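Asks: The following block contains the structure, expressed as structure tokens.
The values are calculated or read from the model by the stated rules, or taken from the named source; none is laboratory data. Worth saying up front: this structure is predicted, and the values here are computed from it rather than measured. When we count neighbours, we look across all protein chains shown, and the Cβ atoms used for this are built from the backbone with ideal geometry, even at glycine.
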Amino acid sequence: MGFKRWDVVKIPFPAEAGTVDYRPALVIVAGDIQRLHGLVWVLMITSAGNKGWPGDVEITDTIAAGLGVPSVVRSAKVMTVEAKTAELLGALVGDFAPEPAMFWARREAMSTLCRLVAPMIPHVAEEVNAKLNPGAKLVAEKAWPEADAALLVRDEVTIGVQVNGKLRGTITVPAGAAADLALPVARDAVQAALAGLTVVKEIFVPDRIVNFVAKA
């Protein structure tokens, strides 16, 4: 399907042990990029309960956005994804789009993406850059973006939940979460697999895995 700016979509993120975790994201560029190359540019959406970052923008209408929990757009996390892997959840409505912070986030994201995709699709990058910055120098003349190590730190992780060594589910928790936080969430995730069993041991490896050893 054809996406448009401010659509909220669900896209695949790599997770532990080669699995895939689906998370929400905000479409900021589609149009010709999707039509010609099958790509869309998105910003990450994360739970408002996670540690905040500079540039986070609150989503005020989570129902229209198709989100189940209070969330924010994380403008510092930008990515290019294949449109065919995205699933529409909803859209941002009301007074969100005109927010100055969102305009800044979109402009910053698009400017960075222009430089990142220029080696692969230079004509598209130059066209977008010309619309963003009329009269500015070519993308090819700009410096390569520098990574900010602080922005590369994961604030949440997806870990596997096993019952007697067999994977029965996954959970997403804050990075570095302690056992007292992760274990109750893990139990809820595998309630069906634990039905009729007694847990005799809980094995927890932070940011990696939970394993419940159980017997009848």
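Asks: Among the residues that make up the range 61-71, is at least one of them modelled with pLDDT under 90 and on the phi > 0 side of the Ramachandran plot?
Replies: Yes, there is a match, as at least one residue in the range 61-71 is modelled with pLDDT under 90 and on the phi > 0 side of the Ramachandran plot.
Asks: Looking only at the range 34-74, count every residue that is basic (Lys, Arg) and either farther than 15 Å from Thr172 by Cα or buried (at least 16 other Cβ atoms within 10 Å of the Cβ) (or both) and tell me the total. Please lay out each step first, then the result.
Replies: Taking the range 34-74 first, the residues basic (Lys, Arg) are 35, 51, 74.
Subset that is either farther than 15 Å from Thr172 by Cα or buried (at least 16 other Cβ atoms within 10 Å of the Cβ) (or both): 35, 74.
Here the count works out to 2.
Asks: Additional query: As an exercise: evaluate Val190 against (1) touching a Lys or Arg at 6+ places or on another chain (Cβ under 6 Å); (2) surrounded by fewer than 18 Cβ atoms within 10 Å (Cβ to Cβ) and give the number of the one condition it does not meet.
Replies: Every listed condition holds for Val190 apart from (2).
Asks: Here is a further query. How about the range 191-216: which of its residues are in a loop (DSSP other than H, G, I, E, B) and either among the charged types (D, E, K, R) or at pLDDT 95 or above (or both)?
Replies: Start the filter on the range 191-216 by keeping residues that are in a loop (DSSP other than H, G, I, E, B), which leaves 195-197, 206-208, 216.
Those that are in a loop (DSSP other than H, G, I, E, B) and either among the charged types (D, E, K, R) or at pLDDT 95 or above (or both): Asp207, Arg208.
Asks: Next up: Any idea which of Val57, Val40, Val78, Val69 is assigned to a loop (DSSP other than H, G, I, E, B) and not assigned by TED's automatic domain parsing to the domain that holds Gly160? Steps first, answer last, please.
Replies: Values: Val57 fails: assigned to a loop (DSSP other than H, G, I, E, B); Val40 fails: assigned to a loop (DSSP other than H, G, I, E, B); Val78 fails: assigned to a loop (DSSP other than H, G, I, E, B).
Just one listed residue meets the conditions, Val69.
Asks: Are any residues in the range 168-188 under 21 Å from the mean Cα position of the chain (by Cα), hydrophobic (A, V, I, L, M, F, W, C) and not in a strand (DSSP E or B), and if so, which ones? Give the derivation first.
Replies: Filtering the range 168-188 down to residues under 21 Å from the mean Cα position of the chain (by Cα) leaves 169-177, 182, 185.
Now drop any that are not hydrophobic (A, V, I, L, M, F, W, C), which leaves 171, 173, 175, 177, 182, 185.
Selection gives Ala175, Ala177, Ala182, Val185.
Asks: Please enumerate the residues belonging to the range 73-87 that are farther than 23 Å from Gly55 by Cα and touching a Gly at 6+ places or on another chain (Cβ under 8 Å).
Replies: First pass over the range 73-87, keeping only residues farther than 23 Å from Gly55 by Cα: 82-87.
Once the filter is applied, which keeps residues that are farther than 23 Å from Gly55 by Cα and touching a Gly at 6+ places or on another chain (Cβ under 8 Å), the range 73-87 yields Glu82, Ala83, Lys84.
Asks: Continuing with the same structure: Looking only at residues in the range 116-161 that are within 21 Å of the chain's Cα centre (by Cα) and in a helix (DSSP H, G or I), which one is surrounded by the most Cβ atoms within 10 Å (Cβ to Cβ)?
Replies: Ranking the candidates gives Val117 first.
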